[in-house]
Amino acid sequence: MPEMSKEVSEEVLLEFPEEHIAIVRINRPKAYNALNLNVRTLIAEKFDELKGREDIRAVILTGNEKSFAAGADLKEMSVLSAMDYYKIHVERLYNTFADYPRPVIAAVNGFALGGGMELAMISDIILAGKGAKFGQPEVKVGVMPGAGGSQRLVRAVGKYNAMRLCMTGMMIGADEAKSMGLVCEVLDDDKVMDRALEMARELAALPPLGLEHIKYAILHGPDMSLESALGLERKSMQVLMSSKDRAEATAAFLEKRKGTYTGE
Ligand code: CO8
């Protein structure tokens, strides 16, 4: 990896606003949070760090008010040969985030384009400001989505919407993205982070093991046969039945009190 100056190393910030919650914030405002190699590497590093933090139960991935991330850094990419690009192994960086087992909320304001939309789609829940713009414009620079943009998108919104977005490279607004099932909630632009924190708080108060198993089953089940996926679901349910958190959650319900969970 190249040497990183302090300024460069702060292109992605890891914040802990309150107990059990982390924010991964893309911080490259001069380039609309375009994803250069440093930003991609730092996002992977932050999620790697969070994997070792059992106390963190929900993560918010966000950018700034103008841009979540405007895609790959086109200036940096323009000088890469195919072999340079291959050797970067972008998929390894994205996989470090995709493998993160606990809930991730993408809080999107402004542009989520190309690699930026791909990052949002690796998240589990997408919240967007009214002014957010989504798109997979790779075709306009002679390539195609290369970090899950075509594959996660078709699984999220179906063939025809995925074809329309990837083939035309058009941008769509938050309401349209919600109507096709990509965005979960559309909020006033200045309320996106408040809502993301509120949701993260709700998630952080739930049994973490249950959330991990739900995430795994929903991510992996659809690529299996229905019978295998139902088996995966059933086995996960059986594991959860033997967890301390299940006993505590049931007792809390019966005793009309709030449960406290350890993830065991
Ligand atoms: N990469 C590098 N710099 C960027 C990027 C980007 N993706 N997006 C914006 N910037 C920079 C601009 O170069 C400009 O910098 P400067 O002030 O130094 O000239 C600054 O941000 C402001 O940008 P604009 O002046 O263009 O601002 P506007 O408000 O007019 O427009 C947009 C904002 C709509 C976000 C516009 O900047 C835009 O369309 N950006 C590019 C979006 C895009 O196509 N992203 C890439 C998608 S492709 C991908 O992610 C993977 C494939 C990459 C393959 C590359 C092969 C060469």
task: Holding the Cα-Cα limit at 18 Å, pick out from Lys30/Lys66; Lys75/Lys133; Lys66/Lys191; Lys51/Lys215; Lys130/Lys191; Lys75/Lys140 the pairs that are longer than that.
output: Lys75/Lys133
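Sorted by accessible area (1.4 Å probe), largest first, how do Thr41, Thr250 line up? Show your work: numbers first, answer last.
Details: Thr41 15, Thr250 55 Å².
Sorted by accessible area, descending: Thr250, Thr41.
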- prompt: Applying 1/(1 + (r/R0)^6) with R0 = 30 Å to the Cβ-Cβ distance of Ser242 and Asp99, what FRET efficiency is obtained, to the nearest 0.05?
  reply: 0.75
task: Please give, to one decimal in nm, the separation of the simple spin-label points placed at Ala156 and Ala82, each 7 Å out from Cα toward the Cβ.
output: 2.9 nm
query: Hey, what do the phi angles of the stretch 173-179 turn into as Karplus ³J(HN,Hα) couplings, whole Hz, using 6.51/-1.76/1.60 and θ = phi - 60°, x for Gly and Pro?
result: x, 5, 5, 5, 4, 5, 5
- request: Quick one: pull the percent of accessible area on the chain belonging to carbon and sulfur, 1.4 Å probe, ligands and nucleic acids left out.
  value: 58 percent
query: Near Lys46, which lysines are there with a Cα under 19 Å away, not counting those fewer than 8 places off in the same chain?
result: Lys6
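Might you tell me the accessible area per residue for the chain, computed with a 1.4 Å probe and given in Å²? Write down the numbers at each step before the final one.
On the way: 14090 Å² over 264 residues.
I get 53 Å² per residue for the chain.
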Area of His20 that stays accessible when all protein chains are in place (1.4 Å probe, Å², to 10): 50 Å²
- prompt: With each label point set 7 Å from Cα along the Cα-Cβ vector, what nm distance links Arg92 and Lys235?
  reply: 2.9 nm
- request: Mind listing the long-range amide H neighbours of Gly63? Cut-off is under 5 Å, sequence gap 5 or more, other chains count too, H placed in the peptide plane at 1.01 Å from N.
  value: Ile26, Asn109
- request: Could you tell me the accessible area of Ile23 in Å² (1.4 Å probe, neighbours in place), rounded to the nearest ten?
  value: 10 Å²
field: Longest DSSP-loop-exposure-free segment, trypsin sites (Lys or Arg not before Pro), the chain, at most 11 other Cβ within 10 Å
entry: 1-255
query: Once the Cβ-Cβ distance between Lys140 and Phe253 is put in as r, and R0 is 35 Å, what FRET efficiency do you end up with, to the nearest 0.05?
result: 0.10
- request: Using a 10 angstrom cutoff on alpha carbons, build the Gaussian network for the chain and name the most mobile of Phe16, Phe253, Phe47.
  value: Phe253
message: Could you report the accessible area of Glu185 in Å², rounded to 10, computed with a 1.4 Å probe on the protein chains as they sit in the structure?
response: 50 Å²
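Output the relative contact order of the chain, whole-number percent, from Cα pairs under 8 angstrom with separation of 6+ residues. Don't skip to the answer; put the middle values down first.
On the way: 462 pairs, mean separation 40.3, N = 264.
Over the chain, the number comes to 15 percent.
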- prompt: In the P(r) worked out for the stretch 1-115, what percent of Cα pairs fall beyond 17 Å?
  reply: 55 percent
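The values are calculated or read from the model by the stated rules, or taken from the named source; none is laboratory data. None of these values were measured; they are calculated from a predicted model. Every residue, glycine as well, gets a Cβ built from its backbone with ideal geometry; the counts of neighbours run over all protein chains shown. When the accessible area is computed, the model is the full protein with side chains, heavy atoms only, and any ligands, DNA or RNA have been set aside. Shrake-Rupley method; radii C 1.70, N 1.55, O 1.52, S 1.80 Å.
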